Each structure stands twice: as C-alpha cells, then as structure tokens.
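K.L.:
Take this structure, written in structure tokens, and hold onto it; I'll ask about it next.
The values are calculated or read from the model by the stated rules, or taken from the named source; none is laboratory data. Computed from a prediction, not measured in an experiment: that's the story for all the values here. Virtual Cβ from ideal backbone geometry, glycine too; neighbours counted across all protein chains shown. Quick note on the areas: whole protein, heavy atoms, side chains included, nothing else; ligands and nucleic acids left out. Shrake-Rupley method; radii C 1.70, N 1.55, O 1.52, S 1.80 Å.
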Amino acid sequence: MDLNGFIESYREAFGGNAQLPLLFGYSDEALADTAKIGGCFFKGLQAAREGTPVSLSAEVIGCGGGKLYTGFSDMPERVPKFVSLTEKYKRSPEMVADYVKGLKMPRASKPYLNFVRADQAESFDGFEGVMFYATPDMLSGLCGWAFYDTNEPDAVVARFGSGCSTVVSMTIVENARHGHRCFLGLFDPSVRPWVGKDELSFTVPMSRFRAMLNTMRDCFLFGSHAWERVKNRMQE
C-alpha cells in the first residue's frame, strides 16, 4: 500500500474527523524555514499538524533535552540532576544517566529532522517513523491493528521518557534495528501542556509500519460491528 492508499484507507477506517499522522525523518536539506522554538519543541509541531512541515535542527530546538533525544547533541551535563532533582521524574541522577545510556540514541547523521503531515508528503521514502496523536478510542484501533499479525508481548510498549524520547529516540533506534515495537508516549508532564488533554502518541517505526500496511484492510478496522460502533462515536 502506497501513501495515498494509506490515507484513503485510514480515513475510511477511522473516520473523517481523525487527524492524519505525522511522518518524521532526517534530511540534508530543511523542508521548511522553521523559527527557533524555545522550550519543548512539541509546541512547534502544531504547525505540522495543521499542514505546514516543521524542520528541527540543533539551532531550532531550544531545549537541551530535545537536542539530546533527537540526536543533535550529546547529553548536557546538567540533564541528570535536572530530571531527577528539579523535575523529580527519576529517584536519582544516576538513574537518569543510566536511562539515557540505555536508549542508545545515535547522533544524527543529517542536520534536519522533518515532521510532515501524511497528506503533505509524496511518499514514505526518507521517513523513519509515523506518529499518531490519538484519543483512547483511536488508540483502541491503532493498538488492535498492531496486535493483529503478531503475538509478540512487546508489540506495543509504554516506556518512561520525555515526549521527545518516546516519540523520536525510541522509534529511530527501533527502525534502525528493523524492529517490531510500537510506542505509546506523551505521558511526560512537561510535554502535556502542548498536546490535547485527551491525547497520547502512538508511534510506529517505518520497519514495522510497512508490514502493518499489508494487514490494515484485513483486520477489524474494516467490516467489524464492534469497531463501527467505536468509529461512529469518534465522529460525534
């Protein structure tokens, strides 16, 4: 299934009110002239959701953690103490340092990380992940679709992390290893003000998404009475 086929099937499966996902990946050239974003860069992704591509870089991202989790910098020295002692998200700075090390996030090999709404891209080529902003009802459909063709216990996972680490870092690393895991995210209180109060993220590495495209129209998203009831409620 190509990009246009996916968009058509997606709208049929989730209804016309469902937001199209964002595709993201690195490039040598910026797709947009994005102004510097102070603080959490998710506030800037609203433009991508509305149809204007966003090109992040070390110069555009104003948050040290955001630069780290997108691969544009090494871990700033202050991060472990800040996350633990100021934000109180981990019990000790050492735990934060171990967490970051365990992510194994590589340095970005290209200077720009682009976020593009699906209908503003020409194809899936060059993108490493697909990010859905999802309500609970929509998550029901996305998770069920991801579970359809596998019994792997970690087909969908929810891990600790900032919004940028659960969306970007984990997906990038998973795609590089041709993995199968999809990620729930945006649990981080620091990112919550920049997303809807009823939204979480569901992120799929392209390595997994291409396989899921082949099963989309076979699963319960099409021809299921139970899902039709949920989809109808999503349109209300």
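K.L.:
Right, Tyr89: in contact with a strand residue (DSSP E or B) (Cβ under 6 Å, 6 or more places away or on another chain) and modelled with pLDDT of 95 or more or not? Steps first, please.
P.N.:
Values: in contact with a strand residue (DSSP E or B) (Cβ under 6 Å, 6 or more places away or on another chain): no; modelled with pLDDT of 95 or more: yes.
Taking the combined requirement at face value, the residue does not satisfy it.
K.L.:
Tell me which of these Lys104 doesn't satisfy, since it passes every other one: (1) free of Cβ contacts under 8 Å to residues at least 40 places away in the same chain; (2) open to solvent by 70 Å² or more (accessible area, probe 1.4 Å).
P.N.:
(1)
K.L.:
Within segment 121-131, track down each residue that is buried (at least 16 other Cβ atoms within 10 Å of the Cβ) and more than 16 Å from the chain's Cα centre (by Cα).
P.N.:
Matches in segment 121-131: Ala121 only.
K.L.:
Output the residue which, of all residues in segment 177-215 that are in a strand (DSSP E or B) and among the aromatic types (Phe, Trp, Tyr), is farthest from Phe124 (Cα to Cα).
P.N.:
Of segment 177-215, the ones in a strand (DSSP E or B) are 182-185, 200-205.
With among the aromatic types (Phe, Trp, Tyr) added as a condition, the list becomes 183, 202.
Numbers: Phe183: 19, Phe202: 17 Å.
Restricting to residues being in a strand (DSSP E or B) and among the aromatic types (Phe, Trp, Tyr), the top hit is Phe183.
K.L.:
Could you say whether any residue in segment 113-120 is closer than 27 Å to Leu23 by Cβ, of a type in the set (Phe, Trp, Tyr) and touching a Phe, Trp or Tyr at 6+ places or on another chain (Cβ under 6 Å)? First the steps, then the outcome.
P.N.:
Here is the first cut: in segment 113-120, the residues closer than 27 Å to Leu23 by Cβ are 113-120.
Checking the rest, the ones that are also of a type in the set (Phe, Trp, Tyr) come to 115.
Still in the running and touching a Phe, Trp or Tyr at 6+ places or on another chain (Cβ under 6 Å): 115.
Yes; the residues of segment 113-120 include at least one that is closer than 27 Å to Leu23 by Cβ, of a type in the set (Phe, Trp, Tyr) and touching a Phe, Trp or Tyr at 6+ places or on another chain (Cβ under 6 Å).
K.L.:
Here's something else I'd like to know. So if I check each of Ala18, Ala32, which one is in contact (Cβ under 8 Å) with a residue 60 or more places away in the chain, part of a loop (DSSP other than H, G, I, E, B) and closer than 27 Å to Leu142 by Cα? Spell out the reasoning first.
P.N.:
On the way: Ala32 fails: closer than 27 Å to Leu142 by Cα.
Only one candidate passes the filter, namely Ala18.
K.L.:
Any chance you could count how many residues in segment 190-215 are buried (at least 17 other Cβ atoms within 10 Å of the Cβ) and without any contact (Cβ under 8 Å) to a residue 24 or more places away in the chain?
P.N.:
0
K.L.:
Hey, any hits in segment 71-79 for a residue that's within 18 Å of Pro189 (Cβ to Cβ), open to solvent by less than 70 Å² (accessible area, probe 1.4 Å) and at pLDDT below 95? Write out each step before concluding.
P.N.:
Our first condition is that a residue be within 18 Å of Pro189 (Cβ to Cβ); within segment 71-79, this holds for 79.
Those left that are additionally open to solvent by less than 70 Å² (accessible area, probe 1.4 Å): 79.
Add one more test, that the residue is at pLDDT below 95, and what stays is 79.
Yes, that holds for at least one residue.
K.L.:
Let me ask something additional. Being open to solvent by 20 Å² or more (accessible area, probe 1.4 Å), closer than 28 Å to Ser169 by Cβ and touching a helix residue (DSSP H, G or I) at 6+ places or on another chain (Cβ under 9 Å) narrows it down to one residue among Gly39, Gly25; which is it? Before you say what the answer is, go through the steps one by one.
P.N.:
Values: Gly25 fails: open to solvent by 20 Å² or more (accessible area, probe 1.4 Å).
The unique qualifying residue is Gly39.
K.L.:
Before we move on, is Thr171 part of a strand (DSSP E or B), surrounded by 21 or more Cβ atoms within 10 Å (Cβ to Cβ), in contact with a strand residue (DSSP E or B) (Cβ under 7 Å, 6 or more places away or on another chain) and not aromatic (Phe, Trp, Tyr)? Before the answer, list the steps.
P.N.:
Details: part of a strand (DSSP E or B): no; surrounded by 21 or more Cβ atoms within 10 Å (Cβ to Cβ): yes; in contact with a strand residue (DSSP E or B) (Cβ under 7 Å, 6 or more places away or on another chain): yes; not aromatic (Phe, Trp, Tyr): yes.
For Thr171, the condition - part of a strand (DSSP E or B), surrounded by 21 or more Cβ atoms within 10 Å (Cβ to Cβ), in contact with a strand residue (DSSP E or B) (Cβ under 7 Å, 6 or more places away or on another chain) and not aromatic (Phe, Trp, Tyr) - is not met.
K.L.:
Name the residue, out of Ala155, Ala176, Ala134, that is hydrophobic (A, V, I, L, M, F, W, C) and surrounded by fewer than 15 Cβ atoms within 10 Å (Cβ to Cβ). Outline the logic, then answer.
P.N.:
Numbers: Ala155 fails: surrounded by fewer than 15 Cβ atoms within 10 Å (Cβ to Cβ); Ala134 fails: surrounded by fewer than 15 Cβ atoms within 10 Å (Cβ to Cβ).
Among Ala155, Ala176, Ala134, only Ala176 is hydrophobic (A, V, I, L, M, F, W, C) and surrounded by fewer than 15 Cβ atoms within 10 Å (Cβ to Cβ).
K.L.:
Do any residues in segment 147-173 that are under 29 Å from Gly66 (Cα atoms) and β-branched (Val, Ile, Thr) have Cβ atoms under 6 Å from those of residues that are modelled with pLDDT of 95 or more and surrounded by fewer than 18 Cβ atoms within 10 Å (Cβ to Cβ), where the two are at least six apart or on different chains, and which pairs are they?
P.N.:
Val156/Cys143
K.L.:
Output the number of residues of segment 216-231 satisfying the condition of being open to solvent by 70 Å² or more (accessible area, probe 1.4 Å), in a helix (DSSP H, G or I) and touching a residue at least 12 places away in the same chain (Cβ under 8 Å).
P.N.:
So the count comes out to 0.
K.L.:
Another question, then. Tell me which of these Gly62 doesn't satisfy, since it passes every other one: (1) in contact with a Ser or Thr (Cβ under 6 Å, 6 or more places away or on another chain); (2) closer than 20 Å to Thr166 by Cβ.
P.N.:
(1)
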